[in-house]
Amino acid sequence: MLTAIIDYESGNLHSAHKAFERMARETGTGEVTVTADADVVARADRLVLPGDGAFPACMAALKGAGGLYDAMVEAVEEKGRPFLGICVGMQLMASIGREYKDTPGLGWIDGEVTEIAPSDPKLKVPHMGWNDLVIDHPHKVFDGLETGDHTYFVHSYHMAVTDPAERLAHVDYGCEVTAIIGRDTMLGMQFHPEKSQTTGLRLISNFLNWKP
């Protein structure tokens, strides 16, 4: 099995690659590669889309990255390959992002990406640091995990999901902040699993073993 981490020059790939490689080795779930090659993306068994930065810039970079966008969309939409979006990579799954300007997303999860607005003015934006997951719906990605396990966040925008069934987990930060989304063969994590120690590694392992 080949897991491809998509390199479109909009993500911190080193730590993600190391974490996925470690868990693939420990679970016997094949090879992990970082790639900017559309052909590799097209034949991969699983896809991971990281993302750091602003929504419009990340979407523009993905669409301008030598066929990566089309290869990824075909693999997910037509071939049903398991997909994981991380941080802005998760946000790009939304219908639209409203960071700086309205920018259409992939439309895989109906919803919009808006700025976090905590009810408590003492809570600063960006939302940065550890926060406890609240699991909203059961999913194989949560095997061995429970509400209260914590993950590491760095973001100022979050996704408001239209269908509550597609928000799998959230955290509280003066408002409910979407943490994990999913439907069909698609998952997204707003936090960085590769920086989330034991919980993050378990989530990566569960994704690699997931058979939707």
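The values are calculated or read from the model by the stated rules, or taken from the named source; none is laboratory data. Only a predicted model underlies this, so the values are computations on that prediction, with no experimental measurement involved. Here the Cβ positions follow ideal geometry from the backbone for every residue, glycine too, while neighbour counts run over all protein chains shown. Accessible surface is based on the protein model in full, side chains and every heavy atom, while ligands, DNA and RNA are left aside. Shrake-Rupley method; radii C 1.70, N 1.55, O 1.52, S 1.80 Å.
The table below lists the values:
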item: Stretch gain in nm, segment Thr162-Leu2, where the contour uses 0.36 nm per residue and the Cα spacing is subtracted; result: 54.4 nm
item: Most to least packed among 140-149, 114-123, 158-167 [average Cβ atoms within 10 Å]; result: 158-167, 140-149, 114-123
item: Protein accessible area in region 4-70, 1.4 Å probe - carbon and sulfur %; result: 44 percent
item: Sparse-neighbour loop sites [chymotrypsin sites (Phe, Trp or Tyr not before Pro); region 63-139; at most 14 other C-beta within 10 Å; DSSP]; result: Tyr100
item: Accessible area per residue, Å², region 146-185 with all protein chains present, probe 1.4 Å; result: 39 Å²
item: Share of carbon and sulfur in the accessible heavy-atom surface of region 157-212 [1.4 Å probe, %]; result: 47 percent
item: For region 97-118 and region 137-177, distance of Cα centres in Å; result: 16 Å
item: Nearest-0.05 FRET efficiency for Cys175 and Asn209, computed from C-beta distance (R0 30 Å); result: 0.35
item: Computed helical MRE - 222 nm, the chain, DSSP H runs ≥ 4 contributing -39500 (n - 2.57), nearest 500; result: -7000 deg cm²/dmol
item: Approximate spin-label separation Lys63-Lys18, in nm, with each point projected 7 Å along Cα-to-Cβ; result: 3.5 nm
item: Net charge over other residues, Cβ less than 12 angstrom from the Cβ of Trp130 (K, R count +1; D, E count -1); result: -1
item: Peptides ranked, highest mean first, by Cβ atoms within 10 Å: ranges 202-208, 74-80, 31-37; result: 202-208, 31-37, 74-80
item: Cα-centred dipole magnitude for the chain, charges only on beta-carbon of K, R (+1) and D, E (-1), debye, nearest 20; result: 340 debye
item: Sites Asp45 and Ile96 - FRET efficiency at Förster radius 30 Å, r taken between beta-carbons, to 0.05; result: 0.50
item: FRET efficiency for Val73 and Lys122, using Cβ-Cβ distance with R0 set to 41 Å, rounded to 0.05; result: 0.50
item: Share of Cα-Cα pairs in the chain lying beyond 23 Å, as whole percent; result: 39 percent
item: For region 10-62: accessible area per residue (Å², 1.4 Å); result: 42 Å²
